[in-house]
Amino acid sequence: MKKQQGVLSQFNFTIANRLIQVDDAKEDYFSQLPDDVLSSILASLTLTDAVKTSILSRRWKHLFAFIGPTLKFTCLDMFGIHSCNHSCFPYYQHKFLKGVNQLLQLYSGRKVAHVEMSFCFGREFSSEFDQWMHCISRIGIVQGIHINEFTLLLSMNLRLRFKREINPFLFDVVDVPTE
Amino acid sequence: MASSSSSSKTGLKKMLTLKSSDGDEFELEESIVIQCQTIKHMVEDGFSLIPLQNVDTKTLTKIIEYMKKHAEKTESNKEEIKNFNKEFVKGSFDDQFELVSAANYLHINGLMDLLCQSIADRINNKSVRAVREIFNISNDYTPDEEEKVRDEHKWAHEGGEFDESLD
């Protein structure tokens with residue numbers, strides 16, 4: 001029964017899809033490009049936009065997960081927010097945490113050259129932060145990792161540099177400017 | 001050895017011929033053409049006539065224009081090159097995708113970066129619907145599948161105002 005429904009919904013979908021079909025005469029521009037070119041294009045997108053492409057069509061489903069040598073998580077970039085004090089909106093904080101978590105898990109066991117993170121909150125999310133570090137320890141990072149945390153409300157800039165070659169769990173506080 | 005000294009010393013520039021898929025031939029200095037990794041390897045293997053079966057005359061002309069300009073790159077004309085690049089990616093979509101395919105085949109890294117960035121600029125911050133329309137991508141997910149994928153990456157689709165325009 002379930003299978004029949006599946007067939008039926010597939011059928012309905014085919015009809016619906018025909019109705020909304022983009023210009024049939026025109027070819028899908030990406031169809032002539034191999035996946036590695038698509039990955040290069042994805043690497044030039046913001047992370048949110050790259051992940052959003054997974055929904056374009058079946059071909060795009062997993063492509064965003066191969067976006068290249070640098071994993072860059074910047075809360076401002078990630079959501080296209082250009083205001084500096086969004087740290088007061090828990091909505092964006094949760095969204096960022098979810099996104100980073102998902103991407104880090106996807107990269108578990110894979111190799112990247114560089115991981116970079118910039119975000120404006122942290123203290124209140126220490127358990128999530130621990131989880132990130134756990135995920136990061138499972139990614140093969142060739143060059144290094146750089147984490148910027150700027151808590152604007154406290155006007156403090158804390159930079160942590162993670163030196164994997166010395167000890168993957170050792171952090172070096174490189175500068176904590178005072179006001 | 002003295003006899004094998006480089007041709008530039010004698011003032012003679014080594015020339016190469018590129019042949020497009022339409023059969024047109026273009027003669028160029030080696031120093032310009034070796035920006036292209038694929039050709040560079042062929043030159044190293046001793047070829048001087050290089051047939052490019054995947055590149056038509058129209059696309060090859062554009063690529064030669066790019067390589068010539070970039071061969072002139074120095075510290076002082078950065079701005080000029082930047083403007084050239086900006087103009088270079090202004091062509092139609094069909095032309096741009098032809099160029100990406102060719103640049104990928106020929107391994108011209110700078111051109112690849114330029115074109116990929118230009119295509120990415122058309123996707124950034126657009127709604128999924130707009131991206132599908134701009135690039136004519138037909139959605140082959142069933143509604144159930146699509147819902148599932150959207151759910152998996154909910155954070156990326158929520159909130160934010162995505163641009164619905166098609167330009």
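Any read-out appearing in this document is the output of simple, stated calculations on the displayed coordinates, not a laboratory observation. Quick caveat: nothing in here was measured; it's all calculated off a predicted structure. Positions of Cβ are backbone-derived with ideal geometry, glycine not excepted, and every protein chain shown enters the neighbour counts.
Couple of notes before you dig in:
- All other residues whose Cβ lies under 15 angstrom from that of B:SER118 are scored, Lys and Arg at +1 and Asp and Glu at -1, for a net of -2.
- Whole-Å distance, taken between Cα centres, linking segment B:90-147 and segment B:55-83: 22
- Stretching the chain fully between B:GLN37 and B:LYS154 yields a gain of 38.0 nm (0.36 nm per residue, less the alpha carbon separation).
- Distance (nanometres) between label positions extended 7 Å along Cα→Cβ at B:GLU30 and B:ASN83: 3.4
- Chain lengthening between B:SER76 and B:GLU147 when straightened (0.36 nm per residue, less Cα-Cα): 20.3 nm
- Ratio Rg/Rh, restricted to chain B and using Cα atoms, in which Rh is the Kirkwood radius: 1.12
- Other protein chain C-beta atoms within 10 Å of residue C-beta, averaged over B:143-152: 4.
- Per-residue ellipticity at 222 nm computed for chain B from its helices equals -15500 deg cm²/dmol, with DSSP H segments shorter than 4 residues left out and the rest contributing -39,500 (n - 2.57).
- For the segment A:56-64, counting C-beta atoms of other chains within 10 Å of every residue's C-beta and taking the mean gives 4.
- A crude spin-label estimate for the pair B:ASP121 and A:HIS94, with each label 7 Å from Cα along the Cβ direction, gives 3.7 nm.
- 30 Å Cα-Cα reach of B:LYS19 towards lysines, excluding residues that sit fewer than 8 places from it in its own chain: A:LYS26, B:LYS9, B:LYS40, B:LYS58, B:LYS62, B:LYS68, B:LYS69, B:LYS73, B:LYS82, B:LYS86, B:LYS90
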